[in-house]
1. Determine the sum of side-chain charges near residue 25: Lys and Arg each +1, Asp and Glu each -1, restricted to other residues whose C-beta is under 13 angstrom from that of residue 25.
2. When only Cα pairs under 8 Å and 6 or more residues apart are kept, what is the percent relative contact order across region 24-83?
3. Counting Lys and Arg as +1 and Asp and Glu as -1, what is the net charge of the other residues whose Cβ lies under 13 Å from the Cβ of residue 63?
4. Could you sort 85-98, 41-54 so that the peptide with the highest average Cβ count within 10 Å comes first and the rest follow in order?
5. Report the net charge of residues surrounding residue 113, where surrounding means a beta-carbon distance below 9 angstrom and charges are Lys +1, Arg +1, Asp -1, Glu -1.
6. Gain in length, residue 56 to residue 114, computed as 0.36 nm per residue apart minus the alpha-carbon separation, to one decimal in nm?
7. For residue 63, which aspartates and glutamates qualify as cross-link partners when the Cα separation must be under 17 Å and same-chain residues fewer than eight apart are set aside?
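What follows is calculated from the coordinates using simple rules that are stated; it is not laboratory data. Here the structure is a predicted model, which means the values were calculated and not measured. Note that each Cβ is placed from the backbone with ideal geometry, even for glycine, and that neighbours are counted across all protein chains shown.
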Amino acid sequence: MRAIRLAAILLLLVASCSAAAAAAAVSCSDAVNALIPCGAYLIGTGATGPSLQCCKSAQALEKMATTVAMRRQLCQCLKDTGPSFGVKPERARRLPPFCKLNLNIPISPNVNCNM
């Protein structure tokens with residue numbers, strides 16, 4: 001369960017910090033929970049590609065981040081939590097192309113979320 005949450009967080013970090021606050025604001029834990037379907041992929045215990053449910057969850061989360069501030073907040077959340085869950089950076093980098101996420105930020109554990 002912990003690995004799945006990390007994967008979810010890194011997924012969003014991977015997703016270039018592009019989703020995490022809905023109308024009122026989605027918390028970091030909400031964002032991580034939304035990405036639970038991506039957990040096995042992100043930590044490397046699942047298939048070589050993300051599941052359809054993983055991609056749907058990542059796309060929905062991406063749509064929730066409607067402002068730059070929300071995307072930055074999500075980015076920082078995923079950057080801070082991903083490593084603790086064991087998310088593999090190379091898997092996180094592959095998530096956006098697999099799931100057709102439109103991210104304008106590099107997926108990296110060293111990303112500057114304020115750019």
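1. Details: positive: 71, 72; negative: 30.
Local net charge: +1.
2. Values: 31 pairs, mean separation 21.4, N = 60.
Computed over region 24-83, the figure is 36 percent.
3. Details: positive: 56, 71, 100; negative: 62.
That sum, taken over residues with Cβ under 13 Å, equals +2.
4. Working: 85-98: 19.4, 41-54: 17.4.
The densest-packed peptide leads the list: 85-98, 41-54.
5. Numbers: positive: 71, 72, 79; negative: none.
Local charge sum for residue 113: +3.
6. Values: separation 58, 0.36 × 58 = 20.88 nm, distance 2.62 nm.
Taking residue 56 through residue 114 to full extension adds about 18.3 nm, to one decimal.
7. The reachable aspartates and glutamates, counting only those whose Cα sits under 17 Å from residue 63, are 30.
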